[in-house]
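The values are calculated or read from the model by the stated rules, or taken from the named source; none is laboratory data. Keep in mind that what you see is a predicted model, and the values were worked out from it rather than measured. Cβ sites come from the backbone with ideal geometry, for glycine too, and all protein chains shown count toward neighbours.
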Amino acid sequence: MTPSAHSYSVPAPQADLTLTFKRYLDGYMKSAVASEASRAGSLPLIGNELALDFANTASGRGTATHRNHLRRAEHVIAWARHAGILTAADGDKVIRATSRNPRLASKLMAGALALRDLVYSISEAAASGREPKAEAVEQLTRLYAQCIARSRLQRVGGTFVWTWVSTDAPVQAILGPIVLSALTLLTQSDLSRVKQCEGQSCGWLFFDVTKNRGRRWCEMEVCGNRAKQRRFHARQHREDAR
Ligand SMILES: [Zn+2]
């Protein structure tokens, strides 16, 4: 099996600590809308950073049009394949392992949702010009230690990268690269470039790489055009009222 390789340079791991994901799982079970199709395997990856794309597996948080594309372990695996964390073959193996082992599926699901909440909380704060919560940063560091404990450094070309064998540690193989990406964002990036789409009921996050830092939308064709249409209709409405 080919281990998944991710070249992120990150700080040294702390001691291996145990995180409890149960409360996330309980919350997820309550809020899950099983009938709605998940687009986890086809969502646009527009965040310019893996962790931000992962946060974008939900949208419209706190609004009536809240969408959550990670409702079952297979959705998390589908996204991991789509985002290039797992090869198709490794994805199939992890799907078989989680369908045989409900505890593993629960662990993956709960870990993914906990991580997504952390990434969103930290990145949304950065996008709003606020300090990320110390507790969220601390939890991310713990999760990093857990994932790194199941990883090893492997030579790939001219450098070493953290690698996981997905059959040995499927949860860490999926969450690890996302944690590394989130830490890279925190420790090595200009956080003022982390932005949140201005679209109504969107909330997607992205790293603005434009020269003038002028990016406002997740995708111009989606939220940008909707906003344009809303402005047009509002103007029509005002003119009709005259
Ligand atoms: Zn948007």
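A few points about this structure:
- Count of residues meeting criterion [of a type in the set (A, V, I, L, M), over 17 Å from residue 175 (Cβ atoms) and out of contact with any strand residue (DSSP E or B) (no Cβ under 7 Å at 6 or more places or on another chain)] in segment 92-131: 1
- Some residue of segment 166-175 being touching a strand residue (DSSP E or B) at 6+ places or on another chain (Cβ under 9 Å) and within 25 Å of residue 61 (Cα to Cα): yes
- Matching residues, segment 204-221, being more than 7 Å from the ligand (Cβ to nearest atom) and either closer than 14 Å to residue 44 by Cα or part of a strand (DSSP E or B) (or both): 205, 206, 207, 220, 221
- For beta carbons closer than 9 Å, sequence separation of 6+ or different chains, a first residue in segment 213-224 that is over 15 Å from residue 194 (Cα atoms) and a second that is among the charged types (D, E, K, R) and within 8 Å of the ligand (Cβ to nearest atom), the qualifying pairs are 223/198; 224/198.
- Taken as a whole, the structure leaves residue 222 outside the set of residues that are modelled with pLDDT of 95 or more and among the β-branched types (Val, Ile, Thr).
- Residue within segment 67-83 that is assigned to a loop (DSSP other than H, G, I, E, B) and within 16 Å of the ligand (Cβ to nearest atom) present: yes
- Residue that is in a helix (DSSP H, G or I), over 24 Å from residue 91 (Cβ atoms), touching a residue at least 12 places away in the same chain (Cβ under 8 Å) and away from the ligand (no atom under 16 Å from the Cβ), where the choices are 180, 185: 185
- Scan segment 42-60 for residues that are more than 12 Å from the ligand (Cβ to nearest atom), touching a residue at least 40 places away in the same chain (Cβ under 8 Å) and crowded, with 16+ Cβ neighbours inside 10 Å and the total you get is 9.
- Selection status of residue 226, more than 10 Å from the ligand (Cβ to nearest atom) and surrounded by 10 or more Cβ atoms within 10 Å (Cβ to Cβ): no
- Among all positions in segment 75-88, there is at least one residue which is at pLDDT 95 or above, β-branched (Val, Ile, Thr) and in contact with a Gly (Cβ under 6 Å, 6 or more places away or on another chain).
- Looking across 182, 112, 126, 136, one residue alone is closer than 18 Å to residue 73 by Cβ and within 17 Å of the chain's Cα centre (by Cα). It is 112.
- The combined condition, being surrounded by 17 or more Cβ atoms within 10 Å (Cβ to Cβ) and outside any helix (DSSP H, G or I), is not fulfilled by residue 108.
- In the condition set (1) away from the ligand (no atom under 16 Å from the Cβ); (2) in contact with a strand residue (DSSP E or B) (Cβ under 7 Å, 6 or more places away or on another chain), residue 194 is compliant with all but (1).
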